[in-house]
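No value in this document is a laboratory result; all are computed from the given coordinates. Quantities reported herein were computed from a predicted structural model and do not represent experimental measurements. In this analysis, Cβ positions are derived from the backbone assuming ideal geometry, glycine residues included, and neighbour counts consider all displayed protein chains.
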Amino acid sequence: MSIAIAADVDVKIRHFQPDDGPSVEFVVLSVLQEWGFLPSAKDQQELEALQSKNPFDAFFVAYTPQLGVVGCAGIARVDEQTCELRKIYLLQRFRGKAIGAKLLETCIEEGRKRQYSRMRLEVNSAMSQSAPFYLRNGFCLAENDEPLGPPADQVYYRPL
């Protein structure tokens, strides 16, 4: 899948490859820093695991031949019916160009292929652009569900 965002930049969504580990770490840490967060212990464990083996059911990157990895997203099993959307991050200059939506769409399709019936997502409400994006894409805030850890303070679900 390819998305043209400028005459000279073509973004493709593809499966994570082992060499992508350092670039994914850069994207994740850059976005966390942009919002004033430090990586959580879970973030650090997942990023370290990406260096040796993929800890997710599926993981994807938004990639440009010119710039390399500019975004990422993956899904991980929660239980038999539920997968969690993990590490959906996109460098700032690539937001608002439908790349995040394509990453999300790719993860939703993968969750359906794996026969999950719903997708879970944890978000920090300070990331003000997140909630409207997820609501537009079929997620609903689960007011009685607690995040598994900081910095998230909200949980969303959507049917698959």
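With a Förster radius of 22 Å applied to the beta-carbon distance between Leu148 and Ser117, the computed FRET efficiency rounds to 0.65.
Assuming charge only on the beta carbon of Lys and Arg (+1) and of Asp and Glu (-1), the dipole of region 2-116 about its Cα centre is about 240 debye to the nearest 20.
With θ taken as phi - 60° and the Karplus curve 6.51 cos²θ - 1.76 cosθ + 1.60 applied, the whole-hertz 3J(HN,Hα) list for region 113-118 is 4, 8, 6, 6, 9, 8 Hz, x standing for glycine and proline. Fewest-first ordering of Ser125, Ser40, Ser23 by other beta carbons within 10 Å of each residue's beta carbon gives Ser125, Ser40, Ser23. At full extension, Ala131 and Gln66 could sit 20.3 nm farther apart than now, given 0.36 nm per residue minus the alpha carbon distance. Here the residues Met127, Met119, ranked from fewest to most Cβ neighbours within 10 Å of their Cβ, fall in the order Met127, Met119. Across Val61, Val28, Val123, mean-square fluctuation computed from a Gaussian network of the chain (C-alpha pairs under 10 Å connected) peaks at Val123. Region 10-70 and region 132-147 have Cα centres spaced 23 Å apart. Under the combined filter of DSSP loop state and at most 13 neighbouring Cβ atoms within 10 Å, region 20-82 retains these GluC sites (Glu not before Pro): Glu80.
Annotation note: chymotrypsin sites (Phe, Trp or Tyr not before Pro) in region 30-127 located in DSSP loop regions with a Cβ neighbour count of at most 14 within 10 Å are Trp35. Compute the Cα gyration tensor for the chain, then decide on rounded, prolate or oblate, letting a ≥ b ≥ c be the square roots of its eigenvalues: rounded whenever a/c is under 1.5, prolate when a/b is larger than b/c in the other cases, and oblate in all that remain. Judged from the Cα gyration tensor, the chain comes out rounded (a/c under 1.5). Computed on the Cα trace of region 38-123, the radius of gyration divided by the Kirkwood hydrodynamic radius gives Rg/Rh = 0.97. Pairs of Lys residues in the chain that lie 8 or more places apart, or on two chains, and have C-alpha atoms under 21 angstrom apart add up to 11.
With labels modelled as points extended 7 Å from the Cα through the Cβ direction, what inter-label distance (nm, one decimal) is found for Glu80 paired with Asp10? Label-label distance for Glu80 and Asp10, simple model: 4.5 nm.
Using +1 at the C-beta of Lys and Arg and -1 at the C-beta of Asp and Glu, which of Ala142, Ala101, Ala49 has the Cα lying farthest in the positive direction of the dipole of the chain? Value: Ala101. Residue by residue, region 155-160 carries 3J(HN,Hα) couplings of 10, 10, 9, 8, x, 10 Hz when phi is fed to the Karplus relation 6.51 cos²θ - 1.76 cosθ + 1.60 (θ = phi - 60°); x denotes Gly or Pro. Remark: Glu84, Glu109, Glu143 ranked as Glu143, Glu109, Glu84, counting other beta-carbon atoms within 10 Å and listing the fewest first.
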